[in-house]
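Novice: My questions all concern the structure below.
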Amino acid sequence: MTASTWTEAGIAHERFWDELAEPYQRDTRISITDFHYGPLIPGDRELKLLPSPLAGRRCLELGAGAGQNSLFLAKQGALCTAVDISAAQLDFGRALAQKEALQVDFLQADLDQLPTFQEPFELIHSAYGIPFSSNPEVLIRTCAEMLVPGGHLLFSMGHPVFAGEWLELDEDQGIFLSNYFYPRPDVREGNDSVVQAIAYPLSECVRWIKAAGLELLDLREPPALPVHLLSKAETDERVPYYSDDWADQENELSRFPVVAIFLARKKTQT
Ligand SMILES: C[S@@+](CC[C@H](N)C(=O)[O-])C[C@H]1O[C@@H](n2cnc3c(N)ncnc32)[C@H](O)[C@@H]1O
């Protein structure tokens, strides 16, 4: 698929993320010495969800942005492809790969119309990319088809509880969630485009995983680290995805999970 054959939603996503790429990459500190899952939460050095060994493993990243997770995996010797709809995000990734002398294949593609790859993957991963697909259930099924038997799917999604509104009431504060089953979409506007990410109920995500013939190995809901207590060096070490805007929400993120992380594996026999 090329940009000329994308759906209306794909075109909107490309326009939106092309404009956001520069401020996003400038204002967010995204590590390539750890693998991240979401803002302010620990990376894989602490969560230990990545399969091993990584060296030689064929990996595909979905909604990769500048592909910092792929660059981390490439540093460990993995063979990485990183897909994103935004040419501007991918340009940041190519520049970073060149600076770090790392090899990642950056590919512009729409999650809703992924190209056919020559060989299957041993790891497919995504940090908050899948919620932008217009049909994550189909995308997860496609991922399962693209995995070798025994291959892993590791991804973070917006947590449905965090889709609520933060409220301060008398002496207390917390999240007001009007509907767990249909949480408010995360609607974003920019560059004459409107895009949205949806936070699905956790049981719905588990259903997609099982329906795709994958077994769920783990589900995590990590709280934020206490970044206000950490030095810059400690933050760089322990918080692989950080921005000042997210740090302003540390209180919220330390009480409610901002993302849910799923680790699944394709069965060796069906
Ligand atoms: C919240 S960002 C996350 C980027 C990256 N995973 C990270 O952690 O920095 C979501 C990414 O998904 C990409 N994206 C949005 N819709 C997409 C689509 N339909 N197909 C492919 N990528 C898409 C955006 O361009 C953006 O880079």
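Novice: Per the helix-only calculation at 222 nm, which mean residue ellipticity applies to the chain, given -39500 (n - 2.57) for every DSSP H run of n ≥ 4 and division by its residues, nearest 500 deg cm²/dmol?
Specialist: The per-residue figure over the chain is -9000 deg cm²/dmol.
Novice: From Cα pairs below 8 angstrom and at least 6 apart in sequence, can you work out the relative contact order of the stretch 3-266, rounded to a whole percent?
Specialist: 25
Novice: Rounded, prolate or oblate, given the Cα gyration tensor of the stretch 189-243, with a/c below 1.5 counting as rounded?
Specialist: Note, shape of the stretch 189-243 comes out oblate.
Novice: If each Cα of the stretch 114-270 is one equal point scatterer, what is log10 of I(q)/I(0) from the Debye formula at q = 0.08, 0.14, 0.16, 0.21 Å⁻¹?
Specialist: Here the Debye-derived log intensity ratios amount to -0.29, -0.83, -1.02, -1.34.
Novice: Can you give me the P(r) profile for the stretch 14-89? Cα pairs, bins 10 angstrom wide beginning at 0, each as a whole percent.
Specialist: Percent of pairs per bin, in order: 19, 48, 28, 5.
Novice: Let me make sure I get this right: for the stretch 53-118, a, b and c are the square roots of the gyration tensor eigenvalues over alpha carbons, sorted descending. Under 1.5 in a/c it's rounded, otherwise prolate if a/b > b/c, else oblate. Which is it?
Specialist: Oblate, because a/c is 1.5 or more while a/b does not exceed b/c.
Novice: If you take every residue apart from residue 55 with its C-beta less than 12 Å away from the C-beta of residue 55, what net charge results, scoring Lys and Arg +1 and Asp and Glu -1?
Specialist: +2
Novice: To continue, here is another question. What order do you get for 177-190, 142-155, 106-119, 62-75 when each peptide is scored by the mean count of other beta carbon atoms within 10 Å, highest first?
Specialist: Per-residue Cβ counts within 10 Å, averaged per peptide and sorted highest first, yield 62-75, 142-155, 106-119, 177-190.
Novice: Quick check: pseudo-label points 7 Å beyond the Cα along Cα→Cβ at residue 76 and residue 216, how many nm apart are they?
Specialist: About 2.4 nm, to one decimal.
Novice: Right, something else. Kindly state, to the nearest 0.05, the FRET efficiency for residue 269 paired with residue 26, given R0 = 41 Å and r defined as their beta-carbon distance.
Specialist: The calculated FRET efficiency here is 0.30.
Novice: Run the numbers for residue 145 and residue 95: contour at 0.36 nm per residue of separation, minus the present Cα-Cα distance, in nm.
Specialist: This chain segment gains 14.9 nm when fully extended.
Novice: Then there is this: Say R0 is 35 Å: what FRET efficiency, to the nearest 0.05, do residue 237 and residue 207 get from their beta-carbon distance?
Specialist: E(calc), rounded to 0.05, equals 0.40.
Novice: For the chain, how many pairs of lysine residues have a Cα-Cα distance under 27 Å, where the two are 8 or more positions apart or belong to different chains?
Specialist: Lysine pairs meeting the criterion: 11.
Novice: Something else about it: Based on the Cβ-Cβ distance of residue 103 and residue 178, what FRET efficiency does E = 1/(1 + (r/R0)^6) give at R0 = 45 Å, to the nearest 0.05?
Specialist: 0.45
Novice: Same structure again: Quick one, can you get me the convex hull of the C-alpha atoms of the chain expressed as volume per residue in Å³?
Specialist: 130
Novice: A further question on this structure: Place the peptides 255-266, 79-90 in order of packing, highest mean first, counting for every residue the other Cβ atoms within 10 Å and averaging per peptide.
Specialist: Highest to lowest by the protection proxy: 79-90, 255-266.
Novice: Next question. Dimensions of the stretch 1-151 along principal axes (Cα, Å, largest first)?
Specialist: Its Cα atoms span 40, 37, 28 Å along the three principal axes.
Novice: Still on this structure, I have one more. Using only Cα atoms, what is the ratio of the radius of gyration of the stretch 73-178 to 2.2 N^0.38 Å?
Specialist: Relative to the 2.2 N^0.38 Å estimate, the stretch 73-178 comes out at 1.38.
Throughout, read-outs are computed from the coordinates displayed, never taken from laboratory work. None of the values given here were measured: they were computed from a predicted structure. Every residue, glycine as well, gets a Cβ built from its backbone with ideal geometry; the counts of neighbours run over all protein chains shown.
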